[in-house]
Each structure stands twice: as structure tokens, then as C-alpha cells.
Amino acid sequence: MLDSTFFAASAFLAVFAPSLLAGTIGLCSLLNVSLREQVIGRLSLLTNLLGLVGIFGVAGMMIAAGRTETILEFGHWVILPEEHFHFHLKFVFDRLSVPLATLSYLLCGTVAAFASNYLHREAGYQRFFLFYALFSFGLSLSFLASTIEVLFFGWELVGLASALLVGFFHERRGPVNNGLRVWAVYRISDALFLVAVVMMHHLTGEGDFDHLTGQGAWPNAVSLLSGREAFSVGGLLLLAAAAKSALIPFSGWLPRAMEGPTPSSAIFYGALSIHLGAFLLLRVSPLIANSAGLTALVIAIGLATAIVANLIGRVQADIKGVLAFSALTQVGLIVVEIGMGWYYLALTHIIGHAFLRTLQLLRASNLLQDYFNIETAVGRKIAMSRLSQLEDSKPAEMQPWLYRFGLERGYLDLLLDRGLVAPWLEFFRWCSRLESNGIAWFGNQVTAKFHQPGEEADA
């Protein structure tokens with residue numbers, strides 16, 4: 001049996017350690033107190049160490065007790081039987097959440113140490129670490145959540161921090177516009193997620209994952225829902241995951257997100273945030289396994305994303321763009337693995353890919369500088385060797401079309417603008433005109449009713 005006191009303390013640290021950094025920097029920012037860079041760096045180091053101590057403590061106790069799943073509960077907060085709403089605050093430690101929580105603390109600590117030097121004397125140094133702390137806290141809530149409401153709260157924190165850091169250099173117009181674009185796509189993801197939450201409560205009466213995916217430790221649980229119900233809830237969650245992880249057809253925002261500082265690009269769109277959608281699919285994998293249609297849809301979206309991202313990445317002119325679409329290619333393959341039922345392979349793929357992309361994105365700027373120094377030393381451009389003959393294997397008549405397709409980034413921005421954004425904008429403009437006409441008509445009616453004909457004559 002687990003020591004309840006030690007387990008509760010360790011689990012609490014594993015979940016809430018990032019809130020220490022977020023609360024401290026947030027309070028100082030509200031009070032207009034500027035913290036020294038060394039203080040912020042040490043606080044971030046302490047936060048990640050506490051989180052790692054907590055997660056290692058829980059993992060050690062689980063191994064010693066021979067358990068594969070442990071729950072940390074904080075009781076029932078809201079129970080509304082007639083409205084089919086039940087909010088139970090609890091967190092799960094299992095074979096999925098423990099590795100990913102450990103991964104998040106390791107990579108967040110690495111990126112924080114890098115950012116401490118990379119952003120030295122940057123005017124928004126304290127602001128960056130505030131957003132970073134919110135992101136880290138959102139990740140711990142998301143990975144360790146045992147209810148869909150807690151997962152949604154962490155999901156929102158990750159999205160908010162991502163959008164704010166994309167627009168970090170807000171004195172320029174480009175980052176702000178791209179941050180708004182990322183935030184708009186995340187709003188679509190959140191709306192789909194909320195609809196899935198409502199549907200889940202209507203079907204099960206609770207937001208606990210064990211009532212949705214079935215009893216038993218991940219990944220051996222069997223869904224309690226029928227195939228049609230699993231397809232409905234799982235389909236909404238799949239679309240929410242697609243928007244969060246930049247899968248087809250929501251991939252257009254990914255290169256725009258690279259406007260943020262290099263540390264945030266590494267931790268968000270190379271390592272952790274881009275895998276959050278894949279994590280959601282792993283968490284609800286029993287739903288996917290329970291519906292053949294949903295399984296086929298997951299595989300199709302993942303495969304299409306991998307192919308399109310590979311084609312786009314081949315023609316990118318900047319290193320961040322190449323790395324972004326290379327990461328998206330791997331995420332697409334991870335989604336295919338989830339659809340095929342290879343859950344442990346997908347989990348291992350996420351962990352290995354996150355470490356690789358973090359290293360590549362943090363090293364990218366120095367690599368370009370080193371390459372420039374070598375060219376300066378030899379006095380000429382260094383010819384790049386061809387790493388693949390894949391282009392030569394395509395028919396000659398297809399190569400210009402594929403090249404244009406890659407340059408236009410698969411026309412995904414155009415698809416979203418015309419297929420999704422434009423109809424909604426037109427609908428809201430129509431609502432605005434309707435409101436203006438209604439107010440004008442109402443004002444004219446009131447004026448005509450209370451207007452006295454003799455008033456003009458007296459005047």
C-alpha cells in the first residue's frame with residue numbers, strides 16, 4: 001500500500017509545483033515589482049526540481065507497491081444530477097501521465113536554463129517567464145488530469161500562454177497578427193472540446209475519464225459507450241486535437257507561431273504543445289478502439305498530415321519553418337500509430353521526438369552562425385549535398401505543381417480563410433447590421449410616439 005501522506009505530498013508537488021513560479025511572478029507583476037533575472041532563473045529551477053521530486057516520488061511508490069495507476073482526489077466540488085453535471089477534482093498517475101509529466105519538467109527546466117541566458121537584458125524577461133510558468137502549469141494539469149474538466153483547464157492555460165508568447169514582440173505588427181491567428185484556431189479547438197464535454201456529461205453524467213473510457217489502467221480500459229456514442233464524442237475530441245496539434249486542415253498556423261522567441265518555439269511547437277493533441281487521443285484511446293469509423297478517421301488525418309507537412313517542409317526557406325513542418329510530419333505519424341493501436345510506440349515516439357526537436361530548435365540559431373563563420377573562413381559558399389533523391393522519383397509534370405503546393409503551404413490558410421473564417425465573419429456582419437437596423441427602428445418608433453406636434457410650433 002502507498003503511504004497516503006507521502007503520496008499526497010509528492011502528488012501535490014507533481015501537479016502544482018509550476019503554480020509557485022506563476023503565482024510569484026504574477027503577483028510581482030501586478031504589484032509592479034521587477035524581479036532580478038537571477039531570482040527568476042533560480043525560481044524556475046526550483047519549480048522544476050520540486051516537480052521532478054514529486055513525480056519521481058509518486059513513481060517510486062507505485063513501483064514499490066506494484067501498481068500501474070494511482071489517483072489523487074480532492075473531493076466532489078459540484079453535483080447537479082438534473083443538469084447531468086458532476087465536477088470531481090482528481091488527478092491520475094499511470095503509464096501515460098507519469099512519463100509525459102516527467103518529460104515536461106525535464107524539458108521545461110532545460111528551456112528555462114537556456115532562456116535565462118538567451119533573453120538576458122530583454123525588456124520582457126519577466127513577462128516571458130510568467131507566460132512560461134502558465135504554460136508549465138497548464139501542461140502538468142493536462143497530463144495528470146483524471147477528469148475532462150481539469151484537462152480542459154490545463155488545455156486553456158497552454159493555449160493562452162502559446163498565443164501570448166507568439167505575440168511576445170508586440171511592438172511589431174507581425175507577431176501580434178500571428179498571435180491572434182493562433183488564438184483564433186485555438187478557440188475553434190476549445191469550442192469543439194467544450195461540445196465534447198457537454199456531450200460526455202449528457203451520456204455519462206460525469207466528467208471522469210474512467211466513466212468515459214472504462215475501468216482499468218491505461219491502455220487496457222474498454223470504453224463503456226456504444227460505437228455510435230464513441231464516434232460522436234471521439235470525433236469532436238479528434239477535431240479539437242487536430243486544431244491544437246496543427247493537424248490537417250488546421251496546419252496553417254504552425255509557421256506563424258514561430259514568431260515567438262526561440263525558447264518558446266522549442267518548448268511549444270517542437271516538444272510539448274504540439275504533442276498535446278496526440279496525448280488527448282492517447283488518453284481517450286479506448287473510444288477510438290471502440291469505433292471503426294473513428295479509427296479510420298484518425299489514421300486518415302494523421303497520414304494526410306504527415307504527407308502534406310513533408311511536402312511543405314521540403315521547400316521552406318527558413319530553418320524554423322523546416323523544423324516546424326518536420327515536427328508536424330512526426331506528429332502525423334504519431335497519430336497514425338495511435339489509430340493503429342500502437343499506444344506504447346506512440347508514447348515512446350512522443351518522448352524521443354520531443355527531446356530531438358528541443359535540441360534542434362535551441363541549436364538552430366548557433367548552427368546558422370557556425371555555418372556562416374565556416375563560409376567566411378573558407379571564402380566561398382559551401383555547396384549543400386543532396387540528402388534524398390525523392391524529388392527525382394516523381395514525374396516531371398508533377399514536380400512544378402508539388403513545388404507550388406509546398407510554397408503555398410498546402411493552401412491551408414486559404415482553405416481556413418474562405419471555408420471557415422469568411423462565412424463566420426459574414427454571419428457576424430449580418431448580425432451587426434440587423435442589430436443596427438433594429439436599434440434605429442426602435443429609436444424612430446420611440447421618437448414618433450413621444451413627439452408632440454405642438455412643440456415645433458411653440459419653438
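The values are calculated or read from the model by the stated rules, or taken from the named source; none is laboratory data. Predicted, not measured: the structure shown is a model, and the values here were computed from it. Glycine also receives a Cβ, built like all others from the backbone with ideal geometry; neighbour counts cover every protein chain displayed.
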If I filter region 154-183 down to residues being surrounded by fewer than 16 Cβ atoms within 10 Å (Cβ to Cβ) and in a helix (DSSP H, G or I), which single residue comes out as nearest to the chain's Cα centre (by Cα)?
Leu180
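Quick one: in region 355-378, of everything that is farther than 23 Å from Ala112 by Cα and among the hydroxyl-bearing types (Ser, Thr, Tyr), which residue is farthest from the chain's Cα centre (by Cα)?
Let us first name the residues in region 355-378 that are farther than 23 Å from Ala112 by Cα, namely 370-378.
Checking the rest, the ones that are also among the hydroxyl-bearing types (Ser, Thr, Tyr) come to 371, 376.
Working: Tyr371: 33, Thr376: 40 Å.
Within region 355-378, the match that is farthest from the chain's Cα centre (by Cα) is Thr376.
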Residue pairs qualifying under the 7 Å Cβ cut-off, at least six apart or on distinct chains, with the first in region 12-30 being not assigned by TED's automatic domain parsing to the domain that holds Thr47 and the second being surrounded by fewer than 23 Cβ atoms within 10 Å (Cβ to Cβ) and modelled with pLDDT under 90, are none
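Can we say Thr305 is surrounded by 24 or more Cβ atoms within 10 Å (Cβ to Cβ), of a type in the set (Val, Ile, Thr), assigned to a helix (DSSP H, G or I) and assigned by TED's automatic domain parsing to the domain that holds Leu333?
Details: surrounded by 24 or more Cβ atoms within 10 Å (Cβ to Cβ): yes; of a type in the set (Val, Ile, Thr): yes; assigned to a helix (DSSP H, G or I): yes; assigned by TED's automatic domain parsing to the domain that holds Leu333: yes.
Criteria met by Thr305.
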Among Pro249, Pro263, which is part of a helix (DSSP H, G or I), closer than 25 Å to Asn310 by Cα, assigned by TED's automatic domain parsing to the domain that holds Ser140 and of a type outside the set (A, V, I, L, M, F, W, C)?
Pro263
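Would you check if Gly293 is outside any loop (DSSP other than H, G, I, E, B), surrounded by fewer than 20 Cβ atoms within 10 Å (Cβ to Cβ) and of a type outside the set (A, V, I, L, M, F, W, C)?
Yes: the conditions hold for Gly293.
For residues in region 86-128 being of a type in the set (Ser, Thr, Tyr) and closer than 15 Å to Leu52 by Cα, which is farthest from the chain's Cα centre (by Cα)?
The first filter runs over region 86-128 and keeps only residues of a type in the set (Ser, Thr, Tyr), leaving 97, 102, 104-105, 110, 116, 118, 125.
Retained after the next criterion (residues that are closer than 15 Å to Leu52 by Cα): 97, 102, 104-105, 110.
Working: Ser97: 16, Thr102: 17, Ser104: 13, Tyr105: 16, Thr110: 19 Å.
Ranking the qualifying residues of region 86-128, first place goes to Thr110.
Kindly provide the set of residues from region 191-221 that are surrounded by fewer than 18 Cβ atoms within 10 Å (Cβ to Cβ), modelled with pLDDT of 75 or more and under 26 Å from Phe74 (Cα atoms), ordered by number.
Quick first cut of region 191-221, residues surrounded by fewer than 18 Cβ atoms within 10 Å (Cβ to Cβ) only: 191, 194-195, 198-199, 202, 205, 214-217, 220.
Those still in the list that are modelled with pLDDT of 75 or more too: 191, 194-195, 198-199, 202, 220.
Answer for region 191-221, where residues must be surrounded by fewer than 18 Cβ atoms within 10 Å (Cβ to Cβ), modelled with pLDDT of 75 or more and under 26 Å from Phe74 (Cα atoms): Leu194, Val195, Val198, Met199, His202, Asn220.
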Taking region 8-59, which residues are of a type in the set (S, T, N, Q) and either in contact with a helix residue (DSSP H, G or I) (Cβ under 9 Å, 6 or more places away or on another chain) or closer than 16 Å to Ser104 by Cβ (or both)?
Ser10, Ser19, Thr24, Ser29, Ser34, Gln38, Ser44, Thr47, Asn48
